[in-house]
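What follows is a set of notes on a single structure, which appears directly below.
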Amino acid sequence: MINAEKPIHPLSQDELTELETFLASDETPEDCMSSLEMIDGYMTALVIGPETVSGETWIPYLLNPEKQSKEVFANPATEERITGFLDRHIGAIADQFGNDPEAFLPLYEMFSYGSDEERELAIEEWALGFILGMELCHEAWQPLFANEESAMMAGPVFVLGKITDDYETLSQEERDELAGMLDESAVRMFRFWHLAQ
């Protein structure tokens, strides 16, 4: 769980574009989480999950999951600006769950896409980012999977992230239905960890 400790000013569209441009640039490692949707899913898992994770852990993992290298930024000014963007975005998610979790929406619900395929890819990346966030605290997440009922909360994430083989067997209507359940799944997992204890 990550709490917003001070008033949060969500990133503007220009700031989101600047952040995504940096993440997808040659300055970052190949395995950097390079889409806004992926980092939004990743941060959502960190916010709602069972453990508090420091920025010293989750930011390097976001930038370089395989090696967790901290040698990413060309200079201190770039580091300050990009980490500031990341802190504000995760803070905005934490603020949403702290004040009105039922109104939570994944970032892809706030964007428009040029085609159905682009939207499906955005949803897949959000789900994959969420899974990476869970993996960062792998052991702490295990109680969610202790029984079938609670494990089903994460079902849409795993299917839409194509971690299971189920995605290819679903009709387009079933895929759309699962995608529409992702926000509800996140809220249910948040309540599992923080309101039912």
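Here the gap between Thr169 and Ala77, fully extended at 0.36 nm per residue and compared with their Cα-Cα distance, gives a gain of 28.3 nm. Ranking Leu105, Leu16 by solvent-accessible area of protein heavy atoms (1.4 Å probe, all protein chains present), from largest to smallest, gives Leu105, Leu16. Highest GNM mean-square fluctuation among Gly41, Gly98, Gly133, for the chain modelled with Cα contacts below 10 Å: Gly98.
Computed from point charges on the beta carbon alone (+1 for Lys and Arg, -1 for Asp and Glu), the dipole magnitude for the chain about its Cα centre is near 760 Debye. Between the beta carbons of Gln142 and Asp176, assuming R0 = 35 Å, the FRET efficiency works out to 0.70 to the nearest 0.05. Just the protein heavy atoms count here, and of the accessible area of region 126-197 at 1.4 Å, carbon and sulfur take up 51 percent.
Structure remark: mean-square fluctuation, Gaussian network model of the chain, C-alpha springs under 10 Å; the largest value among Ala24, Ala94, Ala186 belongs to Ala24. With unit charges on the beta carbon (Lys/Arg positive, Asp/Glu negative), name the residue among Met134, Cys32, Gly55 whose Cα is farthest towards the positive pole of the charge dipole of the chain. My answer, from the dipole projection, is Gly55. Residues His138, His89, sorted by accessible area with the largest first, give His138, His89 [1.4 Å probe; ligands and nucleic acids excluded]. Of Trp58, Trp193, the residue with the largest accessible area leads and the full order is Trp193, Trp58 (1.4 Å probe). Counting only protein heavy atoms and using a 1.4 Å probe, the accessible area of Ile123 comes to about 10 Å². When the chain is treated as a GNM with alpha-carbon contacts under 10 Å, the residue of Met153, Met181, Met43 showing the greatest mean-square fluctuation is Met181.
Ligands, DNA and RNA are left out, and with a 1.4 angstrom probe the accessible area of region 1-147 is 51 Å² per residue. Here the calculated FRET efficiency for Thr57 and Leu121, from their Cβ-Cβ distance with R0 = 25 Å, stands at 0.35, rounded to the nearest 0.05. In a reduced charge model with +1 at each Lys and Arg Cβ and -1 at each Asp and Glu Cβ, region 117-177 shows a dipole moment near 280 debye about its Cα centre.
The values are calculated or read from the model by the stated rules, or taken from the named source; none is laboratory data. Fair warning: this is a prediction, and the values are worked out from it, not measured in the lab. Backbone-built Cβ (ideal geometry, glycine too); neighbour counts: all protein chains shown. Just so you know, the surface numbers come from the protein's heavy atoms only, side chains and all, with ligands and any DNA or RNA stripped out. Shrake-Rupley method; radii C 1.70, N 1.55, O 1.52, S 1.80 Å.
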